[in-house]
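Asker: My questions all concern the structure below.
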Amino acid sequence: MIIENHCRRKGVPSYVVFHNKALEEMAFYMPVSKDAFLDIKGVGDKKFENYGDPFMQIIMDYRKEQGITEEKVDEKVKTLEVEVIEEVVEKPQGDRYELTYDAYQRLSSLNAIAKERGLTLATIITHLGKCAEKGMVVDWSKYIDHETEALIKEKLEDESLTKLKEVKDSLPDSITYETIHIVRAKYKI
């Protein structure tokens, strides 16, 4: 709430400065050092440079006002870590690739698989690539048409393009990184 008020005074919505998830992490971890602030998902050097000091000052003021010591924050974090560990131990274990493949067989879109598994699209594509390497059938044509696949494959095999960003920049804007990852997974490039 305090951070949202600060953004409102500056005339900028808080979600433009930081995504809600980052704001939630800040509220939980209450970072007051550069290293701790940069540990927040969604905060990079540029965002820290632009907003880190005023946000940390708000957090320091709040902690002081509420009597929240570093020890109290550490205790809260340790409690959460224990809860997360207990939750992970209770979840059914299995080969992560096979769990992704099982979801692939039941669901039609990569986004649905990613959502169910709580993973990124890139991770899902990597998992399916590993499954294909193990001999499991993955129908990549469900996610990419032949022309786009051929164009991406050509660019990936172009030795003058040494970085993924160079490959992406050489392709039409409509082609996403995820689509490039599909071709990389399919051809093990």
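Asker: Pairs, please: C-beta under 8 Å, at least 6 apart or cross-chain, first residue over 9 Å from Ala185 (Cα atoms) and in segment 123-136, second small (Gly, Ala, Ser) and in a helix (DSSP H, G or I)?
Answerer: Here the result reads Thr123/Ala114; Ile124/Ala114, each pair linking segment 123-136 to a residue that is small (Gly, Ala, Ser) and in a helix (DSSP H, G or I).
Each row is one residue, and each column tells you yes or no for (1) more than 21 Å from Gly118 (Cα to Cα); (2) in contact with a helix residue (DSSP H, G or I) (Cβ under 9 Å, 6 or more places away or on another chain); (3) modelled with pLDDT of 75 or more; (4) in a loop (DSSP other than H, G, I, E, B).
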position: Tyr15; (1), (2), (3), (4): yes, yes, no, no
position: Phe37; (1), (2), (3), (4): yes, yes, yes, no
position: Gln57; (1), (2), (3), (4): yes, no, yes, no
position: Val73; (1), (2), (3), (4): yes, yes, yes, no
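Asker: Another question about this same structure. I need every pair where a residue in segment 149-168 that is outside the structural domain of Ile182 (by TED's automatic domain parsing) has its Cβ under 9 Å from the Cβ of a residue that is surrounded by fewer than 16 Cβ atoms within 10 Å (Cβ to Cβ) and among the basic types (Lys, Arg), sequence separation at least 6 or different chains.
Answerer: That search, which allows pairs on different chains as well, returns nothing.
Asker: Which members of segment 156-170 meet the condition of being over 12 Å from Tyr187 (Cβ atoms) and either of a type outside the set (Gly, Ala, Ser) or within 24 Å of the chain's Cα centre (by Cα) (or both)?
Answerer: Asp158, Glu159, Leu161, Thr162, Lys163, Leu164, Lys165, Glu166, Val167, Lys168, Asp169
Asker: Kindly indicate which of Lys91, Lys47, Lys41 is modelled with pLDDT of 70 or more, out of contact with any helix residue (DSSP H, G or I) (no Cβ under 7 Å at 6 or more places or on another chain) and of a type outside the set (Ser, Thr, Tyr).
Answerer: Just one listed residue meets the conditions, Lys47.
Asker: So, in segment 107-138, exactly how many residues are out of contact with any Leu (no Cβ under 9 Å at 6 or more places or on another chain) and assigned to a loop (DSSP other than H, G, I, E, B)?
Answerer: Number of matching residues: 9.
Asker: Here's something else I'd like to know. Hey, can you tell me all the residues within segment 120-138 that are aliphatic (A, V, I, L, M) and within 14 Å of Asp95 (Cβ to Cβ)?
Answerer: Correct list: Leu128, Met136.
Residues are listed down the side, and each one gets a yes or a no for (1) touching a Lys or Arg at 6+ places or on another chain (Cβ under 9 Å); (2) at pLDDT 90 or above; (3) more than 27 Å from Ile40 (Cα to Cα):
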| position | (1), (2), (3) |
| --- | --- |
| Thr69 | yes, no, no |
| Lys76 | no, no, no |
| Ala103 | yes, yes, yes |
| Ser109 | yes, yes, yes |
| Lys115 | no, yes, no |
| Ile125 | yes, yes, no |
| Tyr143 | no, yes, yes |
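Asker: When the residues of segment 129-152 are filtered to those that are touching a Phe, Trp or Tyr at 6+ places or on another chain (Cβ under 6 Å) and under 15 Å from His181 (Cα atoms), which remaining residue is surrounded by the fewest Cβ atoms within 10 Å (Cβ to Cβ)?
Answerer: My answer is Lys130.
The values are calculated or read from the model by the stated rules, or taken from the named source; none is laboratory data. Quick caveat, the model's predicted, so the values are computed rather than measured. We place every Cβ from the backbone using ideal geometry, glycine too, and count neighbours over all the protein chains shown.
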